[in-house]
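S.K.: Supplied in structure tokens, the structure appears directly below.
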Amino acid sequence: MRIGGGKSNYRSDIDGLRAIACISVVLFHAFPGILRGGFVGVDIFFVISGFLISSILYRNLFNEKSPGKIYIIDFYIRRIRRIFPALIAVLLTTLAIGWFVLLPDEYRLLGKHTIGGATYINNLMLYKESGDYFNPSSNAKPLLHLWSLGIEEQFYLIFPLILWLIYKSKLNFVFLLAVFTLLSFFINKNAVSHNHQTVAFYLPWCRFWELSAGAILAYIIDYHKDALLRIKEKLSTYLPNIIFREKKQSLNENFINNALSVIGLLTIIVGILSIKNDLSFPGKRALVPVIGSLIIIGAGSGAIINKYLLSNRIMIFLGLISYPLYLWHWPFLSLAYICEGRTPEIWIRCAAIGIALVLAIITYFIIEPPLRYGNYSKTKAISLFMTMLFVGFIGYRVMVTDGFKNRFPELLKNKSEKIEIDSHTNKYKNNYKYFAIYDEYIDNCKLEFSNWNDLDVYTTCAMQSKPAQNNVALIGSSHAAHLFYGLSKLSTLDNKSVALFAMGSQSPFINLKIKDGERQYWYTRISDSYNYLEKHKNIKSVILADLGVDYFIDVEDPVEKDFQKIFKKAVIRSLERLKDRKVIIVLDNPALPMDPSKCGISRPYSITKFDSSCTFNEQETSESRELHNAIIKDVVKNYPNVRVVDIAKLFCNKSKCSPVKNGELLYLDDGHLNYKGSKYVAPYIYRYIKENL
């Protein structure tokens with residue numbers, strides 16, 4: 001391998017495809033409710049990148065003057081000059097804005113991710129943080145989108161060597177690259193099927209197949225056109241029998257190319273509009289945008305979609321600025337989210353995209369050209385490399401100084417506490433301190449269920465008294481656990497005691513199983529709690545804390561897909577088993593579209609003054625929660641022993657809701673109540689325990 005290079009063949013339609021990829025990602029980030037699968041634009045980028053970059057490497061290998069040479073140094077010089085200028089500008093600008101508007105912990109995280117961005121390992125950092133890309137908390141990471149750049153550059157660290165080894169070994173490129181691609185794909189699919197979505201999303205070997213798929217297509221187009229023509233000839237023979245009612249003669253190549261380009265575009269559109277941002281992605285669903293992209297590129301620049309849509313001047317222009325636009329758009333959207341403490345208003349998101357578009361144009365026409373083109377390529381590459389190292393060092397300083405925490409000392413005094421409970425903190429173990437549950441209550445439960453509490457903080461069994469002496473049972477998920485503190489305080493005053501049976505993410509209604517994830521088998525613990533009730537008749541009142549989500553399947557009827565039917569049957573069979581008890585069903589509190597720990601903080605230089613009451617519209621709460629509530633209220637009409645308490649009403653006044661009451665923050669995070677919130681809602685629930693039915 002030596003220094004040198006080759007000249008690339010430009011295809012304007014691929015710039016148009018880049019435009020589709022970039023626009024879909026930008027619109028998804030700005031308006032996820034409208035374009036829910038827009039994130040697959042990154043998968044399209046991967047295919048395009050693999051196709052174009054491998055084409056350059058192939059031309060090096062098969063160069064008649066010096067065959068078998070990959071000009072690796074020249075290759076990386078071009079990569080640095082291509083991608084470093086825009087990225088350096090984005091990293092420095094984001095750090096500068098963050099200095100003025102981010103709180104110390106937020107700025108520290110930005111510093112950490114700046115290191116990751118500057119060294120192209122952000123995907124690995126995000127994996128270590130166990131942060132689901134689609135989780136709302138990811139909105140507060142202004143450099144989240146740099147994960148994809150990490151995947152690409154990690155691929156190009158090893159791929160030139162792989163191609164060189166294949167060439168020197170005189171092995172079949174298509175066969176070995178196909179093996180490499182399939183291996184990476186099955187690693188990705190296996191990770192998703194075993195509920196390791198974060199692994200499949202961020203780790204490079206789970207994504208390499210998307211880039212290598214583009215590399216295979218590039219090799220076939222450049223060096224095996226005859227094979228591609230034979231495939232198209234086969235299609236021209238069989239396709240008429242599919243399309244037309246009567247047998248037709250074979251179609252010409254132009255028709256086949258046009259048909260392929262239409263099919264490819266439709267495949268991508270289906271992916272963008274239908275693929276959900278859930279735990280099943282990437283997995284096999286990523287095949288949709290990847291295959292769609294391969295078909296469009298394989299159709300050729302003369303195909304109808306490629307020629308008239310993708311090669312349109314506007315699409316080409318958007319494709320040319322797609323890289324800087326991708327880099328610029330997310331930091332502004334994310335910073336707006338952080339400053340607002342929730343999803344920003346539409347006009348703010350539109351303004352963020354507008355600013356990003358202007359900066360992308362400036363970057364493409366002013367910042368990039370003098371560094372990307374012209375003489376002194378090595379000098380420019382070295383200078384850019386050293387500058388990037390310096391940017392990474394700035395990020396390091398931001399991180400190790402805790403985000404320069406002395407910038408806003410007056411804000412630190414107002415920051416809301418998350419875990420401190422009261423003067424009895426020495427009575428809590430770390431895990432159970434989260435929900436303010438005393439150690440002795442955990443120990444009481446162990447007399448009946450020795451290993452209930454071994455899983456995580458959200459799996460909690462606690463009893464105020466010994467197993468046979470409790471009067472009240474509280475069953476559900478962690479949303480039952482956060483009610484325990486307040487109810488236990490009231491029950492003590494009333495000479496009663498509460499037994500808590502909480503399993504993370506589980507429904508309080510029996511035999512409802514989570515569709516996937518490590519918690520899918522925890523539903524059996526809810527059944528155990530019902531069995532416990534049948535053994536201990538001393539428990540006269542049962543509180544079922546509902547979790548307003550729709551990711552359950554019916555263990556007793558797993559083929560049923562209609563969630564309304566699934567949930568209704570579960571409620572009925574659960575209440576049938578509790579006919580001899582007083583039952584209080586607690587409808588879930590509203591989920592917050594914001595980080596409650598930032599309530600009460602007014603950020604300097606923010607676009608709009610942060611609302612210290614953290615109010616939000618009731619319409620922003622979960623739709624599935626409303627479905628739950630309607631089904632429960634309908635079913636309980638037939639059960640006179642059941643009462644329903646909608647604690648959401650305690651946080652909402654008319655159409656406005658807030659996690660703050662009487663100047664006190666009542667939420668621990670975006671879904672759980674803190675100990676003050678638990679005390680706040682407890683009287684409204686406990687009054688039904690005292691009620692005579």
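S.K.: For region 425-464, give me the residue count where each residue is open to solvent by 40 Å² or more (accessible area, probe 1.4 Å), hydrophobic (A, V, I, L, M, F, W, C) and at pLDDT below 85.
M.R.: The number of residues fulfilling the criteria is 1.
S.K.: Are there any pairs with C-beta distances below 7 angstrom linking a residue in region 482-503 that is touching a residue at least 40 places away in the same chain (Cβ under 8 Å) and farther than 17 Å from Arg687 by Cα to a residue that is in a helix (DSSP H, G or I) and among the hydrophobic types (A, V, I, L, M, F, W, C), with the two at least 6 apart or on different chains, and if so which?
M.R.: Between residues of region 482-503 that are touching a residue at least 40 places away in the same chain (Cβ under 8 Å) and farther than 17 Å from Arg687 by Cα and residues that are in a helix (DSSP H, G or I) and among the hydrophobic types (A, V, I, L, M, F, W, C), the close pairs are Leu500/Ala480; Leu500/Ala481; Leu500/Phe484; Ala502/Ala480; Ala502/Ala481; Met503/Ile526.
S.K.: Only one of Ser655, Ser612, Ser622 is open to solvent by 40 Å² or more (accessible area, probe 1.4 Å), within 28 Å of Ser541 (Cβ to Cβ) and at pLDDT below 80; which?
M.R.: After applying the criteria, what remains is Ser622.
S.K.: Considering (1) outside any loop (DSSP other than H, G, I, E, B); (2) under 20 Å from Phe484 (Cβ atoms); (3) not hydroxyl-bearing (Ser, Thr, Tyr), say which one Asn538 fails and leave the rest.
M.R.: Condition (1) is where Asn538 drops out.
S.K.: When Ile53 is evaluated against the numbered criteria (1) in contact (Cβ under 8 Å) with a residue 60 or more places away in the chain; (2) not in a helix (DSSP H, G or I), which criterion, by number, is the only one it fails?
M.R.: Every condition holds for Ile53 apart from (2).
S.K.: Where residues in region 524-541 are under 25 Å from Ala591 (Cβ atoms) and not small (Gly, Ala, Ser), which of them is surrounded by the fewest Cβ atoms within 10 Å (Cβ to Cβ)?
M.R.: Going through the qualifying residues, I end up with Arg525.
S.K.: Can you run down the residue pairs with Cβ atoms below 7 Å, 6 or more apart or on separate chains, where the first is in region 279-299 and within 14 Å of Glu210 (Cβ to Cβ) and at pLDDT below 95 and the partner is in a helix (DSSP H, G or I) and among the hydrophobic types (A, V, I, L, M, F, W, C)?
M.R.: Close Cβ pairs (under 7 Å, with a partner that is in a helix (DSSP H, G or I) and among the hydrophobic types (A, V, I, L, M, F, W, C)) amount to Pro282/Val192; Pro282/Ala200; Pro282/Phe201; Gly283/Val192; Gly283/Ala200.
S.K.: Which of the following residues is open to solvent by 10 Å² or more (accessible area, probe 1.4 Å), under 19 Å from Phe435 (Cα atoms) and in contact (Cβ under 8 Å) with a residue 12 or more places away in the chain: Tyr680, Tyr639?
M.R.: After ruling out the rest, the residue left standing is Tyr680.
S.K.: Within region 303-320, count every residue that is part of a helix (DSSP H, G or I) and more than 33 Å from the chain's Cα centre (by Cα).
M.R.: 4
S.K.: Still on this structure: Condition test on Leu265, is it farther than 30 Å from Leu143 by Cβ, aliphatic (A, V, I, L, M) and either at pLDDT 95 or above or crowded, with 20+ Cβ neighbours inside 10 Å (or both)?
M.R.: Criteria met by Leu265.
S.K.: Quick test for you: out of Leu673, Leu666, pick the one residue that is open to solvent by less than 20 Å² (accessible area, probe 1.4 Å), touching a Phe, Trp or Tyr at 6+ places or on another chain (Cβ under 9 Å) and free of Cβ contacts under 8 Å to residues at least 24 places away in the same chain.
M.R.: Going through Leu673, Leu666 in turn, just one is open to solvent by less than 20 Å² (accessible area, probe 1.4 Å), touching a Phe, Trp or Tyr at 6+ places or on another chain (Cβ under 9 Å) and free of Cβ contacts under 8 Å to residues at least 24 places away in the same chain: Leu666.
S.K.: Take the residues in region 21-58 that are under 20 Å from Asp74 (Cβ atoms) and not aromatic (Phe, Trp, Tyr); name whichever of them is surrounded by the most Cβ atoms within 10 Å (Cβ to Cβ).
M.R.: In this case the residue turns out to be Gly50.
S.K.: Follow-up. Could you check region 341-359 and list, in sequence order, the residues that are open to solvent by 30 Å² or more (accessible area, probe 1.4 Å) and assigned to a loop (DSSP other than H, G, I, E, B)?
M.R.: Within region 341-359, Thr343, Glu345 qualify.
S.K.: If we scan region 97-109, do we find a residue that is under 19 Å from His329 (Cβ atoms), surrounded by 19 or more Cβ atoms within 10 Å (Cβ to Cβ), of a type outside the set (S, T, N, Q) and in contact with a Cys (Cβ under 9 Å, 6 or more places away or on another chain)?
M.R.: yes
S.K.: Touching a Ser or Thr at 6+ places or on another chain (Cβ under 9 Å) and among the polar types (S, T, N, Q): does that describe Ser169?
M.R.: So Ser169 does not fit the description; no.
S.K.: When you go through (1) closer than 22 Å to Leu146 by Cα; (2) modelled with pLDDT under 95 one by one for Gly374, which number turns out not to apply?
M.R.: That leaves (1) as the condition not met.
S.K.: Hey, can you tell me all the residues within region 126-175 that are under 12 Å from the mean Cα position of the chain (by Cα), open to solvent by less than 10 Å² (accessible area, probe 1.4 Å) and hydroxyl-bearing (Ser, Thr, Tyr)?
M.R.: Within region 126-175, Ser138 is the sole residue that qualifies.
S.K.: Additional query: Within region 280-291, can one find any residue that is open to solvent by less than 40 Å² (accessible area, probe 1.4 Å), in contact with a Gly (Cβ under 6 Å, 6 or more places away or on another chain), more than 30 Å from Leu110 (Cα to Cα) and outside any loop (DSSP other than H, G, I, E, B)?
M.R.: Checked region 280-291: at least one residue is open to solvent by less than 40 Å² (accessible area, probe 1.4 Å), in contact with a Gly (Cβ under 6 Å, 6 or more places away or on another chain), more than 30 Å from Leu110 (Cα to Cα) and outside any loop (DSSP other than H, G, I, E, B).
S.K.: Just one of the numbered conditions (1) open to solvent by 10 Å² or more (accessible area, probe 1.4 Å); (2) over 21 Å from Ser55 (Cα atoms); (3) touching a Gly at 6+ places or on another chain (Cβ under 8 Å) is not true of Val199; which one?
M.R.: (3)
The values are calculated or read from the model by the stated rules, or taken from the named source; none is laboratory data. Remember, it's a predicted structure, so these values are computed and weren't measured experimentally. Cβ: placed from backbone, ideal geometry, glycine included. Neighbour counts: every protein chain shown. SASA here: full protein model, heavy atoms, side chains in, ligands and nucleic acids out. Shrake-Rupley method; radii C 1.70, N 1.55, O 1.52, S 1.80 Å.
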